[in-house]
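Trainee: Here it is, the structure in full.
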Protein chains: 2
Amino acid sequence: MSGGTAHAPISFGINLGFCTKRWVTPELWAPLVRERLGLDLVQFSFDLLDPMWPDAIVDRHASDMRRATEAAGITVHSAFIGLAHYSFNQLLHPDPAVRNYAEYWLGRAYRFAALAGIPRVGGPLGAIPARLDGSEADALDPADYAELIARMNRLGERAAAEGLTELYVEPTPLRREWPWTIDQARQMMNDTAGSAVPWRLCPDWGHATFAPLYGDVTDGMESWLRDLSDVITAVHIQQTDFTLDRHWDFTVPGRVDPVEAAALLRRTGVDACPVFLEVFYPFEQDSASILRALETSCARLKQALA
Amino acid sequence: MSGGTAHAPISFGINLGFCTKRWVTPELWAPLVRERLGLDLVQFSFDLLDPMWPDAIVDRHASDMRRATEAAGITVHSAFIGLAHYSFNQLLHPDPAVRNYAEYWLGRAYRFAALAGIPRVGGPLGAIPARLDGSEADALDPADYAELIARMNRLGERAAAEGLTELYVEPTPLRREWPWTIDQARQMMNDTAGSAVPWRLCPDWGHATFAPLYGDVTDGMESWLRDLSDVITAVHIQQTDFTLDRHWDFTVPGRVDPVEAAALLRRTGVDACPVFLEVFYPFEQDSASILRALETSCARLKQALA
């Protein structure tokens, strides 16, 4: 490779959110990911399996998944909260009993992940409600924040008991969710530094660049990656227009260029982390068109990150 | 009212899906619906309450809701499956144990509804997976269909035991869900005619007009309403462009005209049914803009349906 700069390739995989209601069992998604998309790395989505299913079902699905991914030569890096569970207020619901249930839900998610051989679990943590007039608090009540940190540290113990190695917070671009700024994310990482299993960040290309919340987002992703590179160990990529959190694939025109994205990851020192394409499609879109778009998108991203 | 045709007004209410993660408790949504939107009729969404929460939480939320809606003078017509539960394959999941769990989930939904004083429950029934190559079956296996009907009749018994008065199927424009044609919907109504609590249909303006599936949809909603008027007892309205199932509000330009919609409901004899506006917004959209758009939309629809 004379004359060029030799780079180690950036690991690239796909979040299985695109499989929701379509390719829901590992017998379907494992060969699809391996053969059709040519990938060997995935992030599982809890839209494909509800951790609240009874143990007998969860356990059977966990061993099915272990078998199918081993057979296909696929590594499941982590398991992330999907659209279904993200629809709830989770650990920031106004009712403390519902917050307890959300913590219990995560414990069950860890248990499933351990059984399926998935070492990491994560996602957004929760949302406080909007006010009656539509305004939104831009600070979390200190007592609520302290409770959230206590829950995260307790979840760290639970994850350690299950043998997991890492837990993730995925910051989202909403004032009602937490954390939504770089400073809040840093504070949270400091406040959970003693967790039995480390809490880390998984920023998303379409979250850090949501202009209606952050204003000028030209350097949105660069700021998050640069300022938090020591606590970021996975990244979500998507195509987006910076005006909404689109989660488009890369056949759609948008503001994210895969080659520039790769350069940015290398420049900020986050190139040792795996990058996961996370895309969502309308439920009513035909499945064949999704596979065609994903084939093209994965090929472009693989080439750019290589 | 000389010179005009005197019409009884069509009942108009709103599905609470727009409250997801924002106005999640009745203390928030009841005054908002009553005072800000000027409505006294709602359809509850299971995105605001998960029937799998432990009994003690569900029971407390049910009595809170009963109290708050009585105080505000709001009628809760029905409770419908929201985005969270719709993300799963429900009664058509490939694993029979998961289908059993989905049936159990609905039983718990009925129990909550009864406790909250909500007489009707409904939503889409489920989805079969897509095939590995992205193609989609356009017929349900006869054994799977027979099982689905058996579950619906069993759910009718369960709903009767809870004292509910009506159960709904909401047809969706997906080959993998059931029913998605008028003929399938009629067949299903015939096959569940002996249910202890009647199964009825709640068609959606944006489902019947999804051109990529149905082709020419100029008369899409008219066909569903006309051919199934005897088994339709509620209707979802939304603004849409007929190219996706948009669930836009009526500040967005689209193909649905509220005045024409009212005329169509009257012409097809479905004007005794309540009509519910069902809209969804991106999670990241600011809440104040949503309330402004809903105020305008509800005023336009109320006027058109009056």
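Trainee: Scan the stretch A:163-182 residue by residue and report those that are out of contact with any Ser or Thr (no Cβ under 9 Å at 6 or more places or on another chain), farther than 19 Å from A:Asp138 by Cβ and either surrounded by 18 or more Cβ atoms within 10 Å (Cβ to Cβ) or within 14 Å of another protein chain (Cβ to nearest Cβ) (or both).
Mentor: Across the stretch A:163-182, the qualifying residues are A:Leu164, A:Glu170.
Trainee: Among the numbered criteria (1) closer than 22 Å to A:Ala234 by Cα; (2) of a type in the set (Ser, Thr, Tyr); (3) more than 17 Å from the chain's Cα centre (by Cα), which single criterion is violated by A:Ser11?
Mentor: (3)
Trainee: Here's something else I'd like to know. From (1) free of Cβ contacts under 8 Å to residues at least 24 places away in the same chain; (2) within 19 Å of B:Arg158 (Cβ to Cβ), pick out the condition that doesn't hold for B:Phe112.
Mentor: Failing condition for B:Phe112: (1).
Trainee: When you scan the stretch A:34-126 for helices (runs of 4 or more DSSP H) that lie fully inside it, which ones turn up with 1 or more residues that are under 19 Å from the mean Cα position of the chain (by Cα)?
Mentor: Result: A:83-86, A:96-116.
Trainee: State the number of residues belonging to the stretch B:6-18 that are buried (at least 22 other Cβ atoms within 10 Å of the Cβ) and either within 9 Å of chain A (Cβ to nearest Cβ) or of a type in the set (A, V, I, L, M) (or both).
Mentor: Final tally of qualifying residues: 2.
Trainee: Going by what's in this entry, would B:Arg36 be described as within 27 Å of B:Ala272 (Cα to Cα), basic (Lys, Arg) and either at the interface with chain A (Cβ under 10 Å from one of its Cβ atoms) or surrounded by 20 or more Cβ atoms within 10 Å (Cβ to Cβ) (or both)?
Mentor: So B:Arg36 fits the description; yes.
Trainee: Next question. What residue, of A:Ala30, A:Ala72, A:Ala79, is more than 9 Å from every other protein chain (Cβ to nearest Cβ), surrounded by fewer than 21 Cβ atoms within 10 Å (Cβ to Cβ) and under 23 Å from B:Leu132 (Cβ atoms)?
Mentor: A:Ala72
Trainee: Still on this model: Condition first: under 20 Å from B:Gly123 (Cβ atoms), within 14 Å of chain A (Cβ to nearest Cβ) and not hydroxyl-bearing (Ser, Thr, Tyr). Now tell me which residues in the stretch B:206-247 satisfy that.
Mentor: Within the stretch B:206-247, B:Gly206, B:His207, B:Ala208, B:Phe210, B:Leu213, B:Gln238, B:Leu244, B:Asp245, B:Arg246, B:His247 qualify.
Trainee: In the stretch B:267-284, how many residues are surrounded by fewer than 16 Cβ atoms within 10 Å (Cβ to Cβ) and either modelled with pLDDT under 95 or over 18 Å from the mean Cα position of the chain (by Cα) (or both)?
Mentor: Total satisfying the criteria: 3.
Trainee: Continuing with the same structure: Look through A:Glu170, A:Glu162, A:Glu157, A:Glu177 and report the one residue that is touching a helix residue (DSSP H, G or I) at 6+ places or on another chain (Cβ under 9 Å) and acidic (Asp, Glu).
Mentor: A:Glu162 is the lone residue from the list that is touching a helix residue (DSSP H, G or I) at 6+ places or on another chain (Cβ under 9 Å) and acidic (Asp, Glu).
Trainee: Exactly one condition in (1) at the interface with chain B (Cβ under 10 Å from one of its Cβ atoms); (2) in contact with a Lys or Arg (Cβ under 9 Å, 6 or more places away or on another chain); (3) surrounded by fewer than 20 Cβ atoms within 10 Å (Cβ to Cβ) is false for A:Gln90; which is it?
Mentor: (3)
Trainee: Working carefully through the options B:Ala160, B:Ala185, find the one that is more than 14 Å from chain A (Cβ to nearest Cβ), surrounded by fewer than 17 Cβ atoms within 10 Å (Cβ to Cβ) and either assigned to a helix (DSSP H, G or I) or not aromatic (Phe, Trp, Tyr) (or both).
Mentor: Going through B:Ala160, B:Ala185 in turn, the sole match is B:Ala160.
The values are calculated or read from the model by the stated rules, or taken from the named source; none is laboratory data. Just so it is clear, the structure is predicted and the values come from calculations on it, not from any experiment. Here Cβ is always computed from backbone atoms with ideal geometry, including for glycine, and neighbour counts include all displayed protein chains.
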